[in-house]
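A short worksheet on the structure shown next.
The values are calculated or read from the model by the stated rules, or taken from the named source; none is laboratory data. Computed from a prediction, not measured in an experiment: that's the story for all the values here. All Cβ positions, even for glycine, are placed from backbone atoms using ideal geometry, and neighbour counts span all protein chains on display. Remember, those area values only see protein heavy atoms, side chains included, never the ligands or the DNA or RNA. Shrake-Rupley method; radii C 1.70, N 1.55, O 1.52, S 1.80 Å.
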Amino acid sequence: MGVYHLMGLGRSVGVVTGPVSYLAHRYTRWNPEDREFFGRSGEASQRERGAKVGDIQAIVLFTSPEVIKGYDPELKKDCLAYDYIENLPGTTKGPECKGGKMRELLPKVLCEELQGICGGRKECELFWCQVDRRDITITYERVATVVAAVAGTGALGHEIWVNLTGGNNVINLSLELAASLSGKVGRIYYVQAQDAQAEKCIRYTAENGYWVEIPVIPLSIPSPHRAILSLLSEVGEMGLEEMLSRLKTHADYWAQFESETPDSLRSKYLDSLWKEGLVEGSGRRWRVSRRWELIRHFQDLWESVAKTTRSLENLAKDVKWLERDILRLK
């Protein structure tokens, strides 16, 4: 079982092909450092028998309709991939090539780089996910829906890595939020070009300093704290005594708060929620904060799509904003 890479995409081909070429280089070389790099991927049985792990099974690109189609109807002009340098791996040297329509150009360039990182597969799936680069709610909801479909449930789930190199802030923030709120993303990274010349290259330009790892920080709110936030969101500002009374008589929460007093409710739960900026108040009256309302919006979106049982392939059949290509490898 391979890795699904989720990536933002603007008009640069190299933000996709560059990291793929870097991964292919390390996967093919497979020295002790490379084995450690891929060491948390795959299944335990694969690692125990020394099999290679971390190969790419599919790539999902989050981008605008203009980039996919190669035309911007609002501006009434082409929206083509930038010209690029077909560099030798590990250098910035190579001929400059013309860009073109992204959906035609990228698969051609990508297929060559995928040869060394697809684990012997004869094909690789490439998904194009249309997002609104100006609307974070639409973009996040589609990212979250894809994450839910890829992660699946039980043994059916796939490993997910997120690449933050390409795309705009809305796309990359949506990818980061989905990683934090879902707990389903194993790795976040971006690749760093050392200069303007390197930014045009389609393959990795230097091994040292190129791959940058970003920690996945789960936004996990303990159940008792979430119960308090849910109650305050539903009812509004409350005093400690009323809050505790409602928690103790609520069918879902009473067991967690049965032995609490108003003072312990504040010291054990509300004070920590206040420090995190999720509630406001002092003394004996409390309410949710604007920060929690923002988090709750995205948390609720995740929970609404997390119940999906559709695979990514079936999702592409059911919605218009996700399309699937099959890349044939040699």
What is the one condition in (1) modelled with pLDDT of 95 or more; (2) part of a helix (DSSP H, G or I); (3) open to solvent by 10 Å² or more (accessible area, probe 1.4 Å) that residue 36 does not satisfy?
(1)
Output the helices (runs of 4 or more DSSP H) that fall wholly within the stretch 212-330 and possess 1 or more residues being open to solvent by 50 Å² or more (accessible area, probe 1.4 Å) and under 30 Å from residue 67 (Cβ atoms), or say none.
290-305, 312-318
The listed residue being under 30 Å from residue 112 (Cα atoms) and not basic (Lys, Arg), out of 321, 254
321
So, residue 54, is that one crowded, with 19+ Cβ neighbours inside 10 Å, in a loop (DSSP other than H, G, I, E, B), in contact with a strand residue (DSSP E or B) (Cβ under 7 Å, 6 or more places away or on another chain) and of a type in the set (Gly, Ala, Ser) or not?
yes
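So which residues in the stretch 194-203 are of a type in the set (Gly, Ala, Ser) and open to solvent by less than 20 Å² (accessible area, probe 1.4 Å), if there are any at all?
First pass over the stretch 194-203, keeping only residues of a type in the set (Gly, Ala, Ser): 196, 198.
Matches in the stretch 194-203: 198 only.
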